[in-house]
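What follows is one structure encoded as structure tokens, with my remarks underneath.
The values are calculated or read from the model by the stated rules, or taken from the named source; none is laboratory data. What you see is a predicted model, and the numbers here were worked out from it, not measured in a lab. Cβ atoms come from the backbone with ideal geometry, glycine included; neighbour counts cover every protein chain shown. Heads up: the accessible areas ignore ligands, DNA and RNA and are worked out on the full protein's heavy atoms, side chains in. Shrake-Rupley method; radii C 1.70, N 1.55, O 1.52, S 1.80 Å.
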Amino acid sequence: MTRKKLTILHSNDMHEDFDRAMRDERAELIHRLSLLSGYISRERQDNDAVIYAVAGDMLQGNVMNPAPGTISTVEIMNYLAPDVATLGNHEFDYGLPQLLFLEKVANFPIVNANLYIQPYHKRLMRPYHIIRRDGLAILVIGIITAQAIERIPREVGLAPTLSLEQANAEIGRITNAYNTEDIDLTIILTHIGFEEDLRLAAMLDPTWGVDMIIGGHTGTVLREPAMVNDILIAQAGEGITQIGRFDLEVDDEINRIADYRWSLVPINEDTAPVDKEFPIYCESLGGEDDRRYNAIVAKLGRELTHPGRWQETTVGNLTADAIAWMTGCDVVLVGSGSIRLQRMGPLVNMSTLLSGYPFEDSLNWFTVNGELLKRIFAYFMEPEVAIHRGEFYQVNSSVRARYDISVSCVTDLSVNGRRVEDEQLYSLVLQGYHVRHCQEGLGVTLEELSRVSSPRVVATSMRDVIQEYLREHQNAISRIEGRLVYEKQEQA
């Protein structure tokens, strides 16, 4: 049996409205949100396998066209950065246009499987989201109460009823479609009320593999989760002064929960650190230009650093991984000097992105053989050469290289877990600057780089690639992994 640990934090019925808060109330609200953010951030900092889910009725208030000096509630939700949320009835308070606008400006996925545009039999929202954490794949499906659509005009064409039988069928349809994937945990994120959660759990076919229902709408306070049909069911009360917490052990061989602990954690000065950056962020939302530069691109799982050029860094690892993910190449070399910040996150806004990646440099794809790739690594990893030249490179996660400083050579170089072979071909992505200066920076000529096939530009802006990666990877983490290792072999 292989057990992996996973922590799930969950909120529901948060019901806080910045638009309606008076000045004194707003200060208190900001303080309470600072504590909630501090608690979530601390858990993400301490643990790679953390998920934060919101089971409907997020922070309320107008999303569209916030006036200067006001705070749009989706900006606060983006700051809290849930990994997934579902619709509650209050997400419909301002009508369907605002709901669709909310989905577009949210940096996190909002899931609902059983709300259809009836004439076309098309779902209104994305029905599910798969979260991958520390080797686990978690399938999250959203379900909503029928009361939500009562606020939507009939002519919109949404389905007139949302019964538990329909919800049950949608859950079966999605789990059946994904039973070929190695899903370790299946969660139904609902906003239908605790008693309806119990009824829904009793309906679900055990072969669908649903492990838990995390719900909302009734603001139910529990001492412990209910268990129906071997499915755990929980809510986290109401508001932002508490948070639900599951600490799970998941058997990833049989894809079931092997053990769990649940608690309703109070959020106060005794249990949560204050996120001191949150009030500063709220104050920063002033005029149109302020909003543009303070717009949240992503919330990282923890702060990343880039303390020096001649070493592997967590910011460098994330940057190289972003390029590899977006381009699909084998090897990425990112010049350490092109990253112009020492710290990044957890909050990453447009200002951080513009100052941290100031160069609008292109990304260029080459196909090279293993012999040339080994020459490149041997050249730029030479300490004296690197320091004299003032350049070093960050590499993506599929690369591992070991350099023996006692004999001044690369003793091992692997890509995707396999040792690099001289005649094997590999895809290599370089920034435009390093293509233009490849001989001094990489020890090879452009002619040598282009010998197998002509190079091609895969992106005209590395910064754009980083921005899109971050938008698609909320709560990303990065760690030092020993991608580039220097060692000194003991002489016999």
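Just a few scattered comments:
- Criterion: in a loop (DSSP other than H, G, I, E, B), among the acidic types (Asp, Glu) and under 17 Å from residue 322 (Cβ atoms) - qualifying residue of 360, 391: 360
- Scanning the range 233-252 for residues that are open to solvent by 40 Å² or more (accessible area, probe 1.4 Å), assigned to a loop (DSSP other than H, G, I, E, B) and over 14 Å from residue 12 (Cα atoms) turns up nothing.
- Checked against the criteria, residue 333 does not count as at pLDDT below 95 and farther than 18 Å from residue 471 by Cα.
- Count of the range 196-217 residues which are without any contact (Cβ under 8 Å) to a residue 40 or more places away in the chain and open to solvent by 30 Å² or more (accessible area, probe 1.4 Å): 8
- Some residue of the range 265-287 being touching a Phe, Trp or Tyr at 6+ places or on another chain (Cβ under 6 Å), part of a strand (DSSP E or B) and open to solvent by less than 30 Å² (accessible area, probe 1.4 Å): no
- Exactly one residue out of 174, 152 is surrounded by 15 or more Cβ atoms within 10 Å (Cβ to Cβ) and modelled with pLDDT under 90: that is 152.
- Listed by position, the helices (runs of 4 or more DSSP H) inside the range 434-492 whose residues that are touching a residue at least 60 places away in the same chain (Cβ under 8 Å), open to solvent by less than 20 Å² (accessible area, probe 1.4 Å) and at negative phi number at least 3 are 462-472.
- For the range 366-378, the count of residues that are aromatic (Phe, Trp, Tyr) and part of a helix (DSSP H, G or I) is at least one.
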